[in-house]
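Accompanying notes for the structure given below.
Each value in this text was obtained by applying a stated rule to the coordinates, not by laboratory testing. Fair warning: this is a prediction, and the values are worked out from it, not measured in the lab. Here the Cβ is made from the backbone with ideal geometry for all residues, glycine too, and neighbour counts use every protein chain on show.
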């Protein structure tokens with residue numbers, strides 16, 4: 001998915017495991033395709049691990065964050081996220097989502113190697129030679 005301000009590559013890396021590679025600025029228009037894939041994994045596998053390479057993600061709009069937060073809250077028992085961030089703004093957005101979800105479902109990383117290690121520990125099928133965009 002792509003528009004003039006940002007992009008999101010959505011990859012199913014295995015049963016119950018998704019890799020999202022996000023760049024730029026994501027608006028609420030990205031929400032539906034992204035959540036559709038996540039919901040499908042929850043419906044099929046009972047849970048989903050979301051690995052998000054947001055190293056080159058500058059920001060998200062309020063509608064995008066609010067829509068995801070509602071989904072996070074409704075599905076907090078069925079998913080978790082490992083989020084790679086470079087900016088404090090994105091780390092703060094994740095903290096707000098955790099706060100409104102009531103559970104720390106999003107774990108942020110600001111170090112590429114730590115994020116990749118956490119992803120591999122969490123899902124053995126994580127691409128061994130994945131190169132984060134950072």
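Going by neighbour counts of Cβ atoms within 10 Å, the residues 65, 124 line up, fewest first, as 124, 65. Working from label points 7 Å from Cα in the Cα-to-Cβ sense, the residue 88 to residue 122 distance is 2.5 nm.
Taking neighbour counts of Cβ atoms within 10 Å as a proxy for exposure, in what order, fewest first, do 23, 44 appear?
With the fewest neighbours first, 23, 44 line up as 44, 23.
Hey, in the GNM for the chain with a 10 angstrom Cα cutoff, which one of 51, 25, 72 fluctuates hardest? Residue with maximal mean-square fluctuation among 51, 25, 72: 25. Each Cα pair under 8 Å and six or more residues apart adds its separation to the average, and for the chain the resulting relative contact order is 22 percent.
Dimensions of region 6-122 from C-alpha coordinates, computed as largest minus smallest value along each principal axis and given longest first, are 33, 31, 27 Å.
Can you give the FRET efficiency for residue 77 and residue 114, using 1/(1 + (r/R0)^6), R0 = 41 Å, r = Cβ-Cβ distance, to the nearest 0.05? Mind dumping the intermediate values first?
Numbers: r = 26 Å, r/R0 = 0.63.
Efficiency computed from Cβ-Cβ geometry: 0.95.
Quick check: residue separation of residue 104 and residue 35 times 0.36 nm, minus the Cα distance between them. What number comes out in nm?
On the way: separation 69, 0.36 × 69 = 24.84 nm, distance 1.87 nm.
Stretched out fully, the residue 104 to residue 35 stretch lengthens by 23.0 nm.
I want to verify a result. In a Gaussian network model of the chain, Cα cutoff 10 Å, which of these has the top mean-square fluctuation: 105, 48, 28? The residue with the greatest mean-square fluctuation here is 28. Listing 4, 53, 122 from fewest to most neighbouring C-beta atoms within 10 Å gives 4, 122, 53.
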